[in-house]
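Single-structure report; data block below.
The values are calculated or read from the model by the stated rules, or taken from the named source; none is laboratory data. Quick caveat, the model's predicted, so the values are computed rather than measured. Note that we place each Cβ from the backbone using ideal geometry, even for glycine, and neighbour counts take in every protein chain shown.
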Amino acid sequence: MKQEIITASQEETKRFGYELAARLSGGAVIALSGDLGAGKTTLTQGILEGFGVLPPYTSPTFVIMKQYAVTLASYPLIKRLYHVDAYRIGTQEMLSIGWEEWIEDEAGIVIIEWPERIADIIPDNVITVSLEWADATRRKITIDTGVPEV
């Protein structure tokens, strides 16, 4: 199923991420695509807030992956969030640092920026989120859960 929304500010993009968190379950893989500055990290910050992860939140561009603990009682089945940035590495490097373990973690959620760089190892059940510039402040966000509409 596809959904499109327009956000008019960074705060709205972050709020959308916060709301998206409530719709996720353990084992989810979210692939965030979009140009540099389109809002991928901002959306991720909202998801992290939605799971009660306290700031600071930083992009994992140089460390490749950041892991956050989820301790909210309202999400007893989700224990970890993995924020992955594939901008600087390829498939083999990603596999060598734990990719398969992360995507098989039923108590975890993987959020990956720049998934097109490792497209050959992205699982079929991925939730795809595309962020596009609508204008200087607005973003068009398209979510595809891969589930056909009924």
Going through the stretch 87-98 one residue at a time, which ones are assigned to a helix (DSSP H, G or I) and surrounded by 12 or more Cβ atoms within 10 Å (Cβ to Cβ)?
Thr91, Glu93, Met94, Leu95
For the stretch 70-89, the count of residues that are of a type in the set (Gly, Ala, Ser) and within 18 Å of the chain's Cα centre (by Cα) equals 1
Out of all the residues in the stretch 99-137, which are of a type outside the set (Asp, Glu), out of contact with any helix residue (DSSP H, G or I) (no Cβ under 7 Å at 6 or more places or on another chain), crowded, with 16+ Cβ neighbours inside 10 Å and assigned to a loop (DSSP other than H, G, I, E, B)?
Trp114, Val126
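Does Ile141 count as under 18 Å from Leu32 (Cβ atoms), in a strand (DSSP E or B) and in contact with a Leu (Cβ under 7 Å, 6 or more places away or on another chain)? Step through it out loud before you land on a result.
Numbers: under 18 Å from Leu32 (Cβ atoms): yes; in a strand (DSSP E or B): yes; in contact with a Leu (Cβ under 7 Å, 6 or more places away or on another chain): yes.
So Ile141 fits the description; yes.
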Taking only pairs six or more apart or across chains, which ones have beta-carbon atoms under 7 Å, a first residue in the stretch 71-93 that is more than 19 Å from Phe51 (Cβ to Cβ) and β-branched (Val, Ile, Thr), and a second residue that is at pLDDT below 90 and surrounded by 13 or more Cβ atoms within 10 Å (Cβ to Cβ)?
Ile89/Ile64
Those residues of the stretch 74-92 which are under 20 Å from Gln45 (Cα atoms) and touching a Ser or Thr at 6+ places or on another chain (Cβ under 8 Å) amount to Ile78, His83, Asp85, Tyr87
Filtering the stretch 20-77 down to residues that are among the polar types (S, T, N, Q), over 26 Å from Trp133 (Cβ atoms) and surrounded by 11 or more Cβ atoms within 10 Å (Cβ to Cβ) yields Gln67, Thr71
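Looking at Val147, Val129, can you tell me which residue is at pLDDT 95 or above and out of contact with any Pro (no Cβ under 8 Å at 6 or more places or on another chain)?
Working: Val147 fails: at pLDDT 95 or above.
Result of the check over Val147, Val129: Val129.
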Under 7 Å between Cβ atoms, at least 6 apart or on separate chains: pull out the pairs that start in the stretch 99-123 with a residue that is aromatic (Phe, Trp, Tyr) and end on any residue that is surrounded by 20 or more Cβ atoms within 10 Å (Cβ to Cβ).
Trp102/Tyr82; Trp102/Gly108; Trp102/Val110; Trp114/Asp85; Trp114/Ala86
